[in-house]
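The values are calculated or read from the model by the stated rules, or taken from the named source; none is laboratory data. On a predicted model such as this, the values are computed, not experimentally measured, just so you know. Glycine gets a Cβ as well: all are built from the backbone with ideal geometry, and neighbour counts include every protein chain shown. Just the protein is used for accessible areas: all its heavy atoms, side chains included, with ligands, DNA and RNA removed. Shrake-Rupley method; radii C 1.70, N 1.55, O 1.52, S 1.80 Å.
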Amino acid sequence: MGKKVVITGVPGVGKTTVINRAIEELSAEGIEYEPLNFGTCMFEVASGQGMVRDRDEMRKLDQAQQRDLQRSAAQVIARSEGNVIIDTHCTVKTPKGYLAGLPEWVLRELMPDTVILVETDEDQILKRRLSDETRVRDLEGYNDILEHQQFNRAMGAAYAMLTGCTVKIVKNPDFLLEKGVEDMKDILR
Ligand code: AMP
Ligand code: MG
């Protein structure tokens with residue numbers, strides 16, 4: 001059985017960048033991880049059924065629809081063998097409030113060894129969102145992002161209680177990507 005590591009962080013924190021770098025550098029050491037993107041698994045189903053046109057529309061869908069998409073993504077991901085890194089969210093900010101990214105019935109499918117929370121300062125996240133033109137990011141202020149990062153920590157603790165996984169906070173501050181990548185590699189080795 002391979003290792004299952006879940007990586008989370010608010011939109012724009014740079015999860016995907018850190019993951020890709022860590023995977024590439026570990027591969028050079030002979031340690032292989034397959035990156036899996038939870039949102040992409042959901043989007044394949046959602047776009048196939050004509051529910052959305054882009055991945056940023058999914059968090060605006062009905063709660064029941066989002067749950068169905070989560071369930072199908074979890075089932076696909078649970079089938080993978082070997083070491084996997086699952087790129088997802090501790091909580092998703094929906095118009096009706098925070099939705100757990102890994103509700104109990106998703107966690108039971110995935111049973112991660114570790115949940116990583118990638119974090120950085122709220123003002124840096126604001127700046128990164130503004131400069132990313134490939135995505136439809138929600139316009140949020142400093143305090144909204146602060147609340148989201150705090151809520152994600154609380155949710156991470158709940159995941160640890162439910163599964164016995166460890167929770168690791170990895171910082172990804174401006175100009176210090178390499179440090180974040182090193183911390184990530186230490187967890188994955
Ligand atoms: P991302 O590319 O990681 O920002 O993910 C794109 C979208 O996928 C998010 O905005 C959510 O709508 C959805 N998504 C990703 N992971 C989850 C999850 N665990 N639960 C619910 N929705 C998710
Ligand atoms: Mg991403």
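Looking only at the stretch 179-189, residues that are open to solvent by 70 Å² or more (accessible area, probe 1.4 Å) and either in contact with a strand residue (DSSP E or B) (Cβ under 8 Å, 6 or more places away or on another chain) or touching a residue at least 24 places away in the same chain (Cβ under 8 Å) (or both) come to 2 in all. Taken over the stretch 62-87, the criterion of being touching a residue at least 40 places away in the same chain (Cβ under 8 Å) and open to solvent by 10 Å² or more (accessible area, probe 1.4 Å) is satisfied by 80, 81, 82, 83, 87.
Evaluation of residue 129 against the conditions (1) assigned to a helix (DSSP H, G or I); (2) open to solvent by less than 40 Å² (accessible area, probe 1.4 Å); (3) near ligand 1 (Cβ under 10 Å from one of its atoms); (4) farther than 30 Å from residue 32 by Cα shows that the sole unmet condition is (3).
For the stretch 145-177, a residue qualifies if it is at pLDDT 95 or above and either among the aromatic types (Phe, Trp, Tyr) or open to solvent by 70 Å² or more (accessible area, probe 1.4 Å) (or both), and the qualifying residues are 147, 150, 151, 153, 159, 161, 162, 166, 168, 171.
Determine whether residue 17 is of a type in the set (S, T, N, Q), open to solvent by 50 Å² or more (accessible area, probe 1.4 Å) and closer than 21 Å to residue 187 by Cα. Don't jump to the end; show me each part of the working.
Details: of a type in the set (S, T, N, Q): yes; open to solvent by 50 Å² or more (accessible area, probe 1.4 Å): yes; closer than 21 Å to residue 187 by Cα: yes.
Judged against the criteria, residue 17 is a match.
Among residues of the stretch 36-47 that are in contact (Cβ under 8 Å) with a residue 12 or more places away in the chain and over 15 Å from residue 99 (Cβ atoms), those with a beta-carbon under 8 Å from a residue that is open to solvent by less than 50 Å² (accessible area, probe 1.4 Å) and within 8 Å of ligand 1 (Cβ to nearest atom) at least six positions away or on a different chain give the pairs 36/87; 37/87; 37/88; 41/73; 43/58; 45/69; 45/73. In the stretch 77-101, what count of residues is obtained for those that are away from ligand 2 (no atom under 16 Å from the Cβ) and of a type in the set (D, E, K, R)? Selection size over the stretch 77-101: 3.
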